1. Check the straight Cα-Cα distances from K172 and name the lysines below 27 Å, setting aside those fewer than 8 residues away within the same chain.
2. Fewest Cβ neighbours within 10 Å first, please rank C194, C166 accordingly.
3. K179: which aspartates and glutamates have alpha carbons under 19 Å from its alpha carbon, excluding same-chain residues fewer than 8 sequence positions away?
4. With a point put 7 Å past each Cα toward its Cβ, work out how far T114 is from S129 in nm, to one decimal.
5. Taking K34 as the anchor, which lysines have their alpha carbon closer than 18 Å to its alpha carbon, excluding any fewer than eight residues away along the same chain?
6. Can you put R181, R48 in order, fewest other beta carbons within 10 Å first?
7. Arranged by the count of other C-beta atoms within 10 angstrom, fewest first, what order do T114, T168, T104 take?
Amino acid sequence: MKKILIIISLLFFLPTIAQKQKAILFFKDGTELKGRAKISPTGKIKFRKSKGAEKQFFSSKELKSIIIREFDKDVVYKYKLIEERKTILLLEVLEEGKVTLYRTLRSGYVAGATGPNGIPMGGHSYSISNYYVSKGNKNLVVHLGARGTIFSKNFKEAASDYFKDCTTLVGKIQSKELKKRDIVEIVEFYNENCN
């Protein structure tokens, strides 16, 4: 019973991208397709040209990127090769420029203790962001928290080394004006102020 309630709870807290939204698919051959799409947790795309049309499924084999209309704004997702894992993931583009910042966002719900009559009590929802970065127009991205990469245990040292071609930004990182939690602002600063 508890497992069934947990599964039902998870269904209510899936990410927004799990719903069918207006979308534009961009294929590797340069063509585009407009309609409604749903992104699965594995990065596959379930697509229909219109309501009632035949379902189609696409993956990184055919697609380069997708734009999804979420809450009255367009969100861009691109398939990128993750350096550490040698796998391809569909990543949300947060900041694009000389350094591009990507993110995966996972949401869920953890049920609390089971009360009288098997009814769950308490619990909480959560979301986890994983960030990836690339310099230039590369298909290969680096996870910002993986072991052995630039943003592992000592963020200040690693970020200072990664952005060493921008002394002003390195100064802000060294003085702790910008910290690990400010990664979006760090990338924006680099793109707007550094060579």
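No value in this document is a laboratory result; all are computed from the given coordinates. Here the structure is a predicted model, which means the values were calculated and not measured. Cβ placement follows ideal geometry from the backbone for every residue including glycine, while neighbour counts extend to all protein chains displayed.
1. Candidates past the 8-residue exclusion: K98, K135, K138, K153, K156, K164, K180.
2. Numbers: C194 16, C166 20.
Sorted ascending by nearby Cβ count, the order is C194, C166.
3. E95, E157, D161, D165, E188, E192
4. In this crude label model, T114 to S129 measures out at 3.6 nm.
5. Filter leaves K20, K22, K44, K46, K49, K51, K55, K64, K73, K78.
6. Details: R181 9, R48 16.
Fewest-to-most Cβ neighbours within 10 Å comes out as R181, R48.
7. Details: T114 14, T168 11, T104 19.
Fewest-to-most ranking of T114, T168, T104: T168, T114, T104.
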